[in-house]
Amino acid sequence: MKIDNIKSEKRLGKNKRINILGAEIDVLTARETVDLVENYVKTKTPLHLMGVNADKINAMQDDPLLFKIVNSCGVINADGASVVLASRFLEKALPERVAGIDLMQQLVSLSNQKGYSVYLLGAKPQTVKKTKCVLEKKYPKINIVGIHDGYFRKKEWDNIATQLKKENPDFVFVGITSPLKEYLIEYLQSKNVNTVFMGVGGSFDVISGQLKRAPLWMQKSNLEWLFRVSQEPKRLFKRYFIGNNKFIVSVLNEKFRN
């Protein structure tokens, strides 16, 4: 399953982009992102809607394939407070953090209003089923055309592509960890699955109630990462405490090099 021949996606927006440690990032608010993404849906233009945080930017330094995939995306948001703070420190400020879980729910709300179809891909079987139920209860008009858990092997990627082409959703939300979800989305696009893909990480776990989200005051204080570590210390300690330090050092080096 080769995904080496990566082509840059068509960009429908004329918004400015900045570069932080090699990662291209669009200067967009959440509202501007929703409006821009809807243009992709209306014109049936393929899109890998990308969100980058400190962890992903760190990973890009050691993963040339991930680096190519991220920078080839048509829309790239800052999904991390550390990225927004770094942009201000480097004097190329981003307007705000565009949190993936919030953006997903804004796009689901848009789909509920406009009749766009949705497919949920990822997480445990019971989690993705519960996510579907929660969204259908919250958004009575939402058209969820299919769901599939995230526990499948690479040899099944073709079957996933076939199923998605059959259902032809406007949005596919992919709740799988990085960098596997980026590889998967790139592969599905190479198989001409013409949709808006968005990687949403652990959003299904939060929406379904498996995990709690940080209180609003922590979100606004850029401390949501600390709440997440308190919930899953074994999995996230290295990512946030060691990874964030690595990111800070890289940003400092970038500042003083320039």
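The values are calculated or read from the model by the stated rules, or taken from the named source; none is laboratory data. Since the model is a prediction, treat every value here as computed from it, not as a measurement. What goes into the accessible areas is simple: the full protein's heavy atoms, side chains included, and nothing from ligands, DNA or RNA. Shrake-Rupley method; radii C 1.70, N 1.55, O 1.52, S 1.80 Å.
Find, to one decimal place in angstroms, the Kirkwood hydrodynamic radius of the range 181-224, where the mean of 1/r is taken over every pair of different Cα atoms and then inverted.
Every distinct Cα pair counted, the radius reaches 12.8 Å.
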Exercise. Would you please report the Å³ per residue occupied by the convex hull of the alpha carbon atoms in the range 12-130?
Key: 119 Å³
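Label the range 126-250 by shape, choosing from rounded, prolate and oblate, from the square roots a ≥ b ≥ c of the eigenvalues of the Cα gyration tensor; if a/c is under 1.5 it is rounded, and otherwise prolate applies when a/b is larger than b/c, oblate when it is not.
Oblate, since a/c reaches 1.5 and b/c is not below a/b.
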Quiz item: For the chain, what is the accessible area per residue in Å² when the probe is 1.4 Å?
Solution: 50 Å²
Exercise. Using amide H atoms built 1.01 Å from N in the peptide plane, name the residues 5+ places from Asp170, or on other chains, whose amide H lies under 5 Å from its own.
Key: Ser117, Val118
Exercise. Report, in deg cm²/dmol and to the nearest 500, the calculated mean residue ellipticity at 222 nm for the chain, where each DSSP H run with n ≥ 4 adds -39500 (n - 2.57) and the sum is divided by the residue count.
Key: -14500 deg cm²/dmol
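Rounded to the nearest percent, how much of the accessible area of the range 10-89 (1.4 Å probe, protein heavy atoms only) is carbon and sulfur? Could the numbers behind the result be given before it?
Numbers: 1640 of 3050 Å².
Carbon and sulfur atoms account for 54 percent of the accessible area of the range 10-89.
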Practice problem: Could you please put Ser111, Ser250 in sequence from largest to smallest accessible area, using a 1.4 Å probe? | Solution: Ser250, Ser111
Exercise. List, in the order given, every pair from Lys16/Lys124; Lys92/Lys155; Lys124/Lys220 whose Cα-Cα distance in the structure shown is over 32 Å.
Key: Lys16/Lys124; Lys92/Lys155
Quiz prompt | Rg(Cα) / (2.2 N^0.38 Å) computed for the range 1-56, rounded to two decimals | solution = 1.26
Quiz prompt | Relative contact order [Cα under 8 Å, 6+ residues apart], the range 1-138, whole percent | solution = 24 percent
Self-check item: Cα-based reach from Lys138 at 17 Å (exclusive), listing aspartates and glutamates while leaving out same-chain residues under 8 positions away
Solution: Asp102, Asp205
Practice problem: Name the shape class, rounded, prolate or oblate, that the alpha-carbon gyration tensor gives for the range 97-143, where a ≥ b ≥ c are the square roots of its eigenvalues, rounded holds for a/c under 1.5, and otherwise prolate holds if a/b is larger than b/c and oblate otherwise. | Solution: oblate
Quiz item: When the solvent-accessible surface of protein heavy atoms is calculated with a 1.4 angstrom probe, in what order do Arg11, Arg235 fall, highest first?
Solution: Arg235, Arg11
Quiz item: Could you give me the ³J(HN,Hα) list for the range 103-108, computed from phi with Karplus coefficients 6.51, -1.76, 1.60 and θ = phi - 60°, whole Hz, x at Gly and Pro?
Solution: 5, 4, 6, 5, 6, 5
